[in-house]
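Have a look at the structure below before the remarks.
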Amino acid sequence: MKTSLDLLPLQTPGQLPVLLKALRKRRGLTQAQVAARLGVKQARYATIEAHPETVSTGQLLDVLAVLGVDVLFRVRPDSGSARAAAEGEDW
């Protein structure tokens with residue numbers, strides 16, 4: 001049975017560091033353990049966790065895989081901001 005803890009919406013980049021730390025702790029892993037599974041040093045993983053914007057999408061997906069997370073995309077109802085992006089307006 002799914003609980004509200006199984007669905008973790010990510011809506012802003014600023015939420016990602018907190019989410020990564022919470023996911024790691026939920027799995028009962030230390031930064032050193034995650035780092036070892038990724039093949040990086042603990043200090044590098046600490047930087048990734050604190051500043052996930054510094055890694056590529058592929059690297060972030062590797063981190064999420066180690067943390068046991070699947071990435072799913074859910075389409076929202078039509079919004080003006082999505083339409084503006086599709087029309088090539090500046091962000």
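The values are calculated or read from the model by the stated rules, or taken from the named source; none is laboratory data. Everything quoted here is computed from the prediction, not taken from an experiment. Quick reminder, even Gly has a Cβ in these numbers, built from the backbone with ideal geometry, and neighbours come from all protein chains shown. What goes into the accessible areas is simple: the full protein's heavy atoms, side chains included, and nothing from ligands, DNA or RNA. Shrake-Rupley method; radii C 1.70, N 1.55, O 1.52, S 1.80 Å.
Of all residues in the stretch 21-60, exactly one satisfies the criterion of being within 23 Å of VAL75 (Cα to Cα) and surrounded by 15 or more Cβ atoms within 10 Å (Cβ to Cβ), namely LEU60.
All of GLN11, GLN15, GLN33 fail the test of being more than 13 Å from VAL63 (Cα to Cα) and part of a helix (DSSP H, G or I), apart from GLN15. Restricted to the stretch 36-52, and to residues there that are charged (D, E, K, R) and not in a loop (DSSP other than H, G, I, E, B), the residue that is nearest to LEU67 (Cα to Cα) is ARG37.
With respect to VAL69, determine if the residue is β-branched (Val, Ile, Thr) and either open to solvent by 60 Å² or more (accessible area, probe 1.4 Å) or over 11 Å from the mean Cα position of the chain (by Cα) (or both). In short, no.
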